[in-house]
Amino acid sequence: MEKRYKYENEMMRAVSEGQINKLDFFTGKFNYNLLKKRTNDTLRNIKNYCIIMNTLLRKAAQNGGVHPIYIDNVSSSFAVKIESLQKTETAPSLMTEMFKTYCRLVRQHSMKNYSPIVQRTIAVIDSDISANLTLSVLAKQQNLSAGYLSTVFKEETGKTLTEYIRNKRIKHAQYLLSTTNLQIQTIALHCGIMDVQYFSKTFKKQTGKTPKEYRDELRLER
């Protein structure tokens, strides 16, 4: 039991710091003897441990400064995958995927170095990129002056609110262009940009390609 707790605590620490390079260390130390046998069903035992691991890594990501809105989708997805396990032999690869995914989550979305004001602002933006995300609206939601929010956000992130939102919207557009057949005008709306011409101009400025060129190039690569 002591070995298992030490293993789990070290793993949580690594995830909370986004140390994906520690993967080989943890997979090398893992063995089925670490697991407490709660039933006579071997597959059920490994599923139970995967559930525990998912909970631990979820908490580790939160300790690493990741907002719950990002963690929930990942955690729910793994819960489904765990229950879908058919063989014990596939469990280690799933646990590896969990470790890597939560580490990446911390690397991409950690806000532990940001003030509560900036954390809340980013969480609002990322929760619905299609919403009305003007400086005045975001400031009003926290009962702040627009000037104060603008200053704090730029000081802590190195980007203006406008830059941050634009980057997020274009990244979301790239995702939709590569994973759906939605019309470009519809994609613009999903990204919170009403004017499709402005959307295309902004997209090209940031990526070097128009949305159509970007999608056509992806299709050629496939």
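Against the test of being open to solvent by less than 60 Å² (accessible area, probe 1.4 Å), under 22 Å from the mean Cα position of the chain (by Cα) and more than 29 Å from Pro116 (Cα to Cα), the options Ile165, Ile170, Ile187 yield a single qualifying residue, Ile187.
Of the residues in the stretch 70-118, how many are in a helix (DSSP H, G or I), of a type in the set (S, T, N, Q) and surrounded by fewer than 16 Cβ atoms within 10 Å (Cβ to Cβ)?
Going through the stretch 70-118, the residues in a helix (DSSP H, G or I) turn out to be 70-83, 88-109, 116-118.
Of the ones still in play, those that are also of a type in the set (S, T, N, Q) are 73, 75-77, 88, 90, 93, 96, 101, 108.
Adding the requirement that they be surrounded by fewer than 16 Cβ atoms within 10 Å (Cβ to Cβ) leaves 73, 76-77, 88, 90, 93, 96, 108.
The total comes to 8.
Just one of the numbered conditions (1) in contact with a Lys or Arg (Cβ under 9 Å, 6 or more places away or on another chain); (2) open to solvent by 40 Å² or more (accessible area, probe 1.4 Å) is not true of Phe199: (2). Restricting attention to the stretch 143-159 and to residues that are modelled with pLDDT of 95 or more and not in a helix (DSSP H, G or I), the residue that is surrounded by the most Cβ atoms within 10 Å (Cβ to Cβ) turns out to be Leu144. The set of residues in the stretch 120-135 that are in a helix (DSSP H, G or I) and open to solvent by 60 Å² or more (accessible area, probe 1.4 Å) comprises Arg120, Ser127, Leu135. Looking across the stretch 91-140, the residues that are of a type in the set (D, E, K, R), under 30 Å from Lys22 (Cα atoms) and more than 13 Å from the chain's Cα centre (by Cα) come down to Glu97, Lys112.
The values are calculated or read from the model by the stated rules, or taken from the named source; none is laboratory data. These numbers come from a predicted model, not from an experiment. Quick reminder, even Gly has a Cβ in these numbers, built from the backbone with ideal geometry, and neighbours come from all protein chains shown. Heavy atoms of the whole protein, side chains included, go into the accessibility calculation; ligands, DNA and RNA do not. Shrake-Rupley method; radii C 1.70, N 1.55, O 1.52, S 1.80 Å.
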